[in-house]
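The values are calculated or read from the model by the stated rules, or taken from the named source; none is laboratory data. The model shown is predicted, which means the values in this text are computed figures rather than measured ones. Methodologically, a virtual Cβ is constructed for each residue, glycine included, from the backbone with ideal geometry; neighbour enumeration extends over all protein chains shown. We work out accessible area using only protein heavy atoms, side chains counted, and drop any ligands, DNA or RNA first. Shrake-Rupley method; radii C 1.70, N 1.55, O 1.52, S 1.80 Å.
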Amino acid sequence: MNTFKPLVFSGVQPTGNLHLGNYLGAIRKFVALQENNDCIYCVVDLHALTAQLVHDDMASQIRSITAAFLASGIDPKSHIVFNQSAVPQHAELAWIFNCVARIGWMNRMTQFKDKAGKDRENASLGLFAYPSLMAADILVYRATHVPVGDDQKQHLELARDIAMKFNMDFMEKIRASGYGVDITVGEEPVHAYFPMVEPLIDGPAPRVMSLKDGTKKMSKSDPSDLSRINLMDDAETIARKIRKAKTDPDALPSEVDGLKGRPEADNLVGIFAALADKTKAEVLGEFGGQQFSVFKPALIELAVDVLAPVNAEMRRLMADPGHIDAVLRDGGQRARERAEKTMKEVRDIIGFVQ
Ligand code: TYM
């Protein structure tokens with residue numbers, strides 16, 4: 001039982017073009033969750049420095065992710081939309097978490113290994129500590145639910161480990177402070193300051209794969225632009241990329257089981273299902289037995305139908321950077337107030353004089 005007030009938090013890095021993976025794995029879920037939850041959505045600009053320090057177009061990248069949030073239907077008045085650097089409490093809590101997290105935990109992070117590549121000695125310290133900042137992003141609001149794509153699962157497990165160790169190490173002080181909450185972790189009752197965050201990964205497209213290779217994640221860093229659909233692609237480009245997407249020679253199966261061992265077919269069916277708000281089984285109910293020559297045109301029509309209005313609204317919003325900046329400033333101010341409340345309590349629990 002989790003007795004923390006439910007709060008949704010998630011973040012997207014302002015690096016490179018947003019693609020269909022970001023949209024289906026994350027942003028579309030952000031939009032759905034705002035119906036019944038208090039939500040905070042963040043453009044994580046501090047994270048963008050970890051892999052590349054100098055960005056010529058940082059401001060426009062931040063505005064473009066913000067535009068994508070708004071164009072997709074996130075309401076910045078009922079919820080909070082802001083950029084991470086506007087709330088210095090994230091970095092403050094991240095430092096404390098750097099002292100909570102163990103080097104052994106960080107060494108197990110597969111994304112660090114992938115991103116650092118062979119030249120590990122030359123990766124930034126920020127890239128290594130990245131998951132600790134990510135834990136701080138979430139926990140500085142004591143958020144309980146985090147919608148993300150499948151690739152962030154390990155980072156969220158680490159956020160739970162950090163929260164748990166903080167709760168355990170400071171247990172007596174948390175109890176004395178009166179800021180704690182009674183929760184159950186497994187069977188164990190724990191008096192906690194930080195919640196155990198729940199990842200929200202499910203859905204038909206938790207991991208959207210490359211259009212050129214169904215075993216590789218769709219990614220901003222893939223050198224081939226044909227491997228991904230970008231949110232800023234026009235209808236003709238979307239159509240061309242889907243037409244050229246890799247497939248196999250067989251017809252689509254009628255059951256989800258039949259997608260096993262057919263990564264490209266599985267990926268395209270998952271994309272269709274996520275765009276249509278259906279399950280893969282429903283999509284196969286409609287297209288089972290059909291060839292890709294029938295399925296691809298239907299997918300093109302659906303993808304263009306869903307993405308064209310987002311694309312058009314993003315372009316409209318990007319033409320008025322003053323409006324986007326005002327949204328971020330307003331969100332930043334409200335986020336800061338909430339984050340500072342947590343940090344006052346954290347400083348108190350630790351024993352800092354303030
Ligand atoms: P980022 O910016 O790489 O990606 C943003 C979101 O898109 C999801 N995603 C995908 N989902 C499905 N299929 C794909 N091919 C795909 N590619 C990306 C990611 O899982 C993510 O949800 N570390 C995070 C940003 C972050 C964050 C946080 C997220 C920083 N602090 C706190 C949640 C909570 C990242 O790099 O996402």
message = Just the residues that are open to solvent by 40 Å² or more (accessible area, probe 1.4 Å) and either touching a Lys or Arg at 6+ places or on another chain (Cβ under 6 Å) or within 10 Å of the ligand (Cβ to nearest atom) (or both), please, taken from the range 146-163.
response = 150, 151, 153
message = If residue 56 meets every condition in (1) within 15 Å of the ligand (Cβ to nearest atom); (2) without any contact (Cβ under 8 Å) to a residue 60 or more places away in the chain; (3) within 27 Å of residue 224 (Cβ to Cβ); (4) out of contact with any strand residue (DSSP E or B) (no Cβ under 8 Å at 6 or more places or on another chain) apart from one, which number is that one?
response = (1)
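Could you count how many residues in the range 1-39 are of a type in the set (Asp, Glu) and in a helix (DSSP H, G or I)? Give the derivation first.
Of the range 1-39, the ones of a type in the set (Asp, Glu) are 35, 38.
Checking the rest, the ones that are also in a helix (DSSP H, G or I) come to none.
Going through the range 1-39 one residue at a time, the tally reaches 0.
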note = Checking 113, 118 in turn, the sole residue that is outside any helix (DSSP H, G or I) and either within 12 Å of the ligand (Cβ to nearest atom) or not aliphatic (A, V, I, L, M) (or both) turns out to be 118
task = Return a yes/no flag: does the range 280-292 have any residue that is of a type in the set (Lys, Arg) and within 26 Å of the chain's Cα centre (by Cα).
result = yes
ask   = Does residue 217 satisfy the criteria of being touching a helix residue (DSSP H, G or I) at 6+ places or on another chain (Cβ under 9 Å) and closer than 18 Å to residue 268 by Cα?
value = yes
ask   = In the range 53-68, is there at least one residue being hydroxyl-bearing (Ser, Thr, Tyr) and in a loop (DSSP other than H, G, I, E, B)?
value = no
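For every residue, the table says whether it meets (1) touching a residue at least 60 places away in the same chain (Cβ under 8 Å); (2) more than 15 Å from the ligand (Cβ to nearest atom).
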position	(1), (2)
8	yes, no
25	yes, no
29	yes, no
42	yes, no
48	no, no
51	yes, no
78	no, yes
99	no, yes
109	no, no
request  = Output yes when any residue across the range 205-226 is open to solvent by less than 30 Å² (accessible area, probe 1.4 Å) and more than 14 Å from the ligand (Cβ to nearest atom), and no when none is.
outcome  = no
Qualifying positions in the range 52-88 - touching a Leu at 6+ places or on another chain (Cβ under 7 Å), closer than 22 Å to residue 20 by Cα, of a type in the set (Gly, Ala, Ser) and surrounded by fewer than 22 Cβ atoms within 10 Å (Cβ to Cβ) = 71
query = Given (1) more than 13 Å from the ligand (Cβ to nearest atom); (2) open to solvent by less than 20 Å² (accessible area, probe 1.4 Å); (3) of a type outside the set (Val, Ile, Thr); (4) not in a loop (DSSP other than H, G, I, E, B), where does residue 194 come up short, assuming only one miss?
reply = (4)
ask   = Quick one: in the range 317-354, which of the residues that are touching a helix residue (DSSP H, G or I) at 6+ places or on another chain (Cβ under 8 Å) and among the charged types (D, E, K, R) is nearest to residue 241 (Cα to Cα)?
value = 325
ask   = Which one of these does residue 15 not meet: (1) farther than 18 Å from residue 314 by Cβ; (2) modelled with pLDDT under 95?
value = (1)
inquiry  = Pairs needed: first member in the range 310-326, at negative phi; second member anywhere, aromatic (Phe, Trp, Tyr) and modelled with pLDDT of 95 or more; C-beta distance under 8 Å; at least 6 residues apart or different chains.
reply    = 310/23
